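The values are calculated or read from the model by the stated rules, or taken from the named source; none is laboratory data. On a predicted model such as this, the values are computed, not experimentally measured, just so you know. As a convention, Cβ positions derive from the backbone with ideal geometry for all residues, glycine included, and neighbour counts pool all protein chains shown.
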Amino acid sequence: MEKSGAPTIATVAELAGVSISTVSRALRNHPLVPARTAERIQRIAAEAGYRTNPFVSTLMSHLRMSKPIPFQASIALLDSMENPHKWKEWSVHRCFDEGARKRAVELGYHVDRIWIGEPGLTSQHLTRLLRSRGIHGVILLPLGDRNFRGREIPLDLNSFSMVTLGCKTADPHLYFASNDQFATGQLARQRLEEMGYTQVAFLTPEYVDKIVEERFLAGFLHPAGSYSHRSVSILRYGKSQPRRDLSEWLRNKKLDAVCSVLPETYRWLVELGLKIPENLGFLTLDWEPNTHGWAGVDQNHTHVAETAMNLLVQLLQSSQTGSPRHSSGVITEGVWVDGASLPVKKPAANS
């Protein structure tokens, strides 16, 4: 079936069987692309009738120089938390907002944060709102307490370029940018073992476990190396009385360290009379600069948001809207941070 409309750089990439970035480099005779490959791609582009858009060429030139460019358009951050201000209470959401806005300004875009939790908001209403503001690109923020389902988003998905931030979507898939949650769990477990902790527990809110489809836990249970034979105690606590859940669960547990997905459990453990690190080592998978003295994994939330913006601009410039054929996105590895809450006990045996 022939496609209508002028061919895009994505069309050329599909015909040539290469990535969009390779086509872009080939059309500029970039030295990273072999001469024969560049000539082949240029020939395919000419035969397809592809013409470089001067506006896009100017934009990408600015991007490569990493210099701010004049304002081009607005991009929407869609927020579906329980109220329009709830996101400010969460460090991860503040980092997402900061990173997205910072990178958008560098790329010449304005960010318009839009709360979509209003009762009765329909796909037609939201689509008209975005179009009235000249918005063609959308970043979808985590849905608060559940995993993304594309069909639940009150928006005509095929009308916009979209990237989900912080987790993947399903039904249908959308482009995404997130931390490598499996690798984050692996890294935490590996460090625990290397520092001599053998009786460890994994603490996670039920809703976070659902949002990330258990990827943190899966990585923690399947560390690289020779540690996977050790058992792990697991607590998935609810939202109603999490401190009580933790207190009851800890009874008769013999632990030397806990790994908590969120840092909130540190306070609960102290309130229950545990001294950290004297009685119990502690680390969090959501380390942030204000968690002074804590060990954990910095998921690089701000950088993840910047990569989401980069990806969205790429989709906008190649006129890609709606759901990709296959799940596709960018993941960013976390970084281990040492802290006084998890001192070294002894080196772990290599065997």
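Residue check, D171 against (1) assigned to a loop (DSSP other than H, G, I, E, B); (2) within 17 Å of A308 (Cβ to Cβ), all met but one. Which one?
Looking at each condition in turn, D171 falls short on (2).
Within segment 183-208, track down each residue that is touching a residue at least 40 places away in the same chain (Cβ under 8 Å) and part of a helix (DSSP H, G or I).
A183, T184, G185, L187, A188, R189, R191, L192, E193, E194, Y207, V208, listed by residue number.
Could you grab me the full set of residues in segment 257-272 that are without any contact (Cβ under 8 Å) to a residue 60 or more places away in the chain and either crowded, with 19+ Cβ neighbours inside 10 Å or aromatic (F, W, Y) (or both)?
Across segment 257-272, the qualifying residues are V258, S260, V261, P263, W268, L269.
Please identify the pairs in which a residue from segment 163-181 that is on the phi > 0 side of the Ramachandran plot and without any contact (Cβ under 8 Å) to a residue 60 or more places away in the chain has its Cβ atom under 6 Å from the Cβ atom of a residue that is crowded, with 24+ Cβ neighbours inside 10 Å and not in a loop (DSSP other than H, G, I, E, B), counting only partners at least 6 apart or on another chain.
Within 6 Å, no pair qualifies.
What are the pairs, 6+ residues apart or on separate chains, where a residue within segment 87-114 that is in contact (Cβ under 8 Å) with a residue 40 or more places away in the chain and closer than 19 Å to T307 by Cβ has its Cβ under 8 Å from a residue that is buried (at least 16 other Cβ atoms within 10 Å of the Cβ) and hydroxyl-bearing (S, T, Y)?
C95/T302; F96/T302; E98/T302; G99/T302; K102/T302; Y109/S74
Which ones in segment 267-308 are of a type in the set (S, T, N, Q) and not in a loop (DSSP other than H, G, I, E, B)?
T284, T302, T307, listed by residue number.
Somewhere in segment 273-286, is a residue at positive phi and surrounded by fewer than 16 Cβ atoms within 10 Å (Cβ to Cβ)?
Yes, there is a match, as at least one residue in segment 273-286 is at positive phi and surrounded by fewer than 16 Cβ atoms within 10 Å (Cβ to Cβ).
Answer with yes or no whether G117 is at positive phi and touching a strand residue (DSSP E or B) at 6+ places or on another chain (Cβ under 8 Å).
Taking the combined requirement at face value, the residue does not satisfy it.
Does P142 satisfy the criteria of being at pLDDT below 90, surrounded by fewer than 23 Cβ atoms within 10 Å (Cβ to Cβ) and within 30 Å of S319 (Cβ to Cβ)?
Taking the combined requirement at face value, the residue does not satisfy it.
Give segment 288-301 a look and list any residue that's buried (at least 24 other Cβ atoms within 10 Å of the Cβ) and hydrophobic (A, V, I, L, M, F, W, C), or say none.
Matches in segment 288-301: A295, V297.
Being closer than 30 Å to P119 by Cβ and in contact with a helix residue (DSSP H, G or I) (Cβ under 7 Å, 6 or more places away or on another chain) is the filter; apply it to segment 38-81 and report the residue that is modelled with the lowest pLDDT.
By that ranking, first place goes to M81.
For segment 265-286, does any single residue satisfy the condition of being modelled with pLDDT under 90 and farther than 18 Å from Q186 by Cα?
Checking segment 265-286: not a single residue is modelled with pLDDT under 90 and farther than 18 Å from Q186 by Cα.
Test of understanding: among T169, T164, which residue is buried (at least 22 other Cβ atoms within 10 Å of the Cβ), among the polar types (S, T, N, Q), modelled with pLDDT under 85 and in the same structural domain as S80 (by TED's automatic domain parsing)?
T169
Outside any helix (DSSP H, G or I) and small (G, A, S), is that true of A104?
no
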